[in-house]
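Take a look at the structure below.
Read the figures in this text as sums done on the coordinates, not as results from a lab. Predicted model only: the values in this text are computed from it and were never measured. Cβ atoms come from the backbone with ideal geometry, glycine included; neighbour counts cover every protein chain shown.
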Amino acid sequence: DAGVTQSPTHLIKTRGQHVTLRCSPISGHKSVSWYQQVLGQGPQFIFQYYEKEERGRGNFPDRFSARQFPNYSSELNVNALLLGDSALYLCASSMRQGGTEAFFGQGTRLTVV
Amino acid sequence: AQSVTQPDIHITVSEGASLELRCNYSYGATPYLFWYVQSPGQGLQLLLKYFSGDTLVQGIKGFEAEFKRSQSSFNLRKPSVHWSDAAEYFCAVGAPSNDYKLSFGAGTTVTVRA
């Protein structure tokens, strides 16, 4: 079975640009969460979506947004990129909203120059 | 709100020696607890998890962890380390009331010397 897949694996953007990151959860999983991992730190929670609705949001500015599609895949959008947005963005999927373990993808490495 | 502290930033251990990584959490009740491992440039792989029940949890790759409520700890152990265990290890906590949000520690980097 395929695990959590994220695309692209790497990308480089310029300050002020917009970026869209994509995530496909494990088949049968209805919950997708996004995390930001800055170099040398642990992942920080950004969003959780379950059944296409936002169920949780971390302490991130409104420049960050996300959505979940009918097939449970998800997009993370970041507007007006800053140098500080450079990080590994991780997507995690789980079967339900809670009470189960989360499986992480390999991440998207975003570099803002 | 829940939080996690991993007191050790970096640990060096000899191959074949035992390993223990410390994790302390802050949460008002019994949390969900996890240990993840991350190789350079990679995503997170779940080693083991604790939701309830037996406080000694067995995981993959020969790892185990023990939940100690009195110490608010969930330390990870491995009796004999292999060179392939060199990686970064993250402890994470989830609150049963909203466990969709995992709070991670800053991580412990493990170096294995021959």
Worksheet item: When chain B is modelled as a GNM with alpha-carbon springs shorter than 10 Å, which of B:Ser73, B:Ser103, B:Ser52 fluctuates the most?
Response: B:Ser52
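Counting only DSSP beta bridges with both residues in chain A, tell me the antiparallel percent, nearest 5.
Restricted to chain A, the bridges split so that about 90 percent are antiparallel.
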Worksheet entry | Out-of-range pairs (alpha-carbon distance over 29 Å; input A:Lys52/B:Lys68; B:Lys68/B:Lys101; A:Lys30/B:Lys68) | A:Lys52/B:Lys68; A:Lys30/B:Lys68
Item to complete: Tell me the trypsin sites (Lys or Arg not before Pro) within the stretch A:37-113 that lie in a loop according to DSSP and have at most 15 other beta-carbon atoms within 10 Å.
Response: A:Lys52, A:Arg63, A:Arg96
Item to complete: Work out the length of the dipole vector of chain A about its Cα centre, built from +1 on the beta-carbon of each Lys and Arg and -1 on the beta-carbon of each Asp and Glu, and round it to the nearest 20 debye.
Response: 200 debye
Worksheet, complete the sentence: Between the modelled labels at B:Ser39 and A:Gln17 (7 Å from Cα along Cα→Cβ) the distance in nm is 3.0 nm
Practice prompt. Run down the aspartates and glutamates and flag those whose C-alpha is under 19 Å from the C-alpha of B:Lys61, throwing out any fewer than 8 positions away in its chain.
Written response: A:Glu101, B:Glu15, B:Glu20, B:Asp85, B:Glu88
Item to complete: Could you grab the relative contact order for the stretch B:67-114? Cα pairs under 8 Å, six or more apart, rounded to a whole percent.
Response: 35 percent
Worksheet item: So what is the relative contact order for chain B, in percent, with contacts set as C-alpha pairs under 8 Å and at least six apart?
Response: 37 percent
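Multiply the residue separation of A:Asn71 and A:Glu51 by 0.36 nm, subtract the distance between their alpha-carbon atoms, and state the gained length in nm to one decimal.
Answer, rounded to one decimal: 6.2 nm.
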